[in-house]
Amino acid sequence: MTDRAGPSWITPRAVRVSILLAACAGLAGLGVAAADDGMSYFRTPSELVGTTQRGDAVRLGGMVQPGSMVETVEESTVILTDGASDVTVSYPGRLPDVVREGEGAVVDGTMGADGVIMADDIVLRHSNEYRAPGEVAP
């Protein structure tokens, strides 16, 4: 007669523990992948100046300098600053309504030969603090 139970170390408890460990590893992998999708890193104007070359893909974040927004139907320009350095951004067409002077913005684009970023996308950058409408920052 042959023993069909298999090796002695394969017990029902060992099978359950193995399945539990595999499920935990799978969930951890999904968590890491989901967290990575939500991350969006950008460089400040000071970090960008002198470190990029023509044609480099750029993600830049900074404050829209008051008085710097120039909009036309064909092209708009804006200057992003971090207080130490300024970078000019060119955007095809009108800027999105959420982009305002004195507010933060993040730009995805390409560095031009003249140091101007040719933006493909501009989005609002905001703090992670919620304030009710009309509430003044401390």
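Quick note: the coordinates plus some simple rules give every number you see, no bench work behind them. Not measured: the values here are computed from a predicted model. Note: ideal-geometry Cβ built from the backbone for every residue, glycine included; neighbour counts use all protein chains shown.
So what's the range 45-125 giving for Cα Rg divided by 2.2 N^0.38 Å, two decimals? Display every interim value, and only then the final one.
Working: Rg = 11.3 Å, N = 81, 2.2 N^0.38 = 11.7 Å.
So the range 45-125 has a normalised radius of gyration of 0.97.
Can you give me the long-range amide H partners of Glu103? Hydrogens built in the peptide plane at 1.01 Å from N, cutoff under 5 Å, separation of 5 or more residues or another chain.
Val64
Across the range 94-100, in residue order, what do the Karplus-derived ³J(HN,Hα) couplings come to in whole Hz, using 6.51 cos²θ - 1.76 cosθ + 1.60 with θ = phi - 60° and x for Gly and Pro?
Each residue's phi maps through the Karplus curve to give 7, 5, x, 4, 6, 7, 9 Hz.
Pop out the ³J(HN,Hα) list for the range 11-22 in order, Karplus 6.51 cos²θ - 1.76 cosθ + 1.60 with θ = phi - 60°, rounded to Hz; leave Gly and Pro as x.
Here the 3J(HN,Hα) series is 10, x, 5, 5, 5, 4, 5, 5, 5, 4, 5, 5 Hz.
For Ser76, what residues show an amide H to amide H distance below 5 Å, using hydrogens built from the backbone and excluding near sequence neighbours?
Tyr91, Gly93
Along the Cα-to-C-beta direction of Tyr41, a point sits 7 Å from the Cα; which residues of the range 98-115 have their amide N less than 18 Å from that point?
Under cut-off, by backbone N: 106-109.
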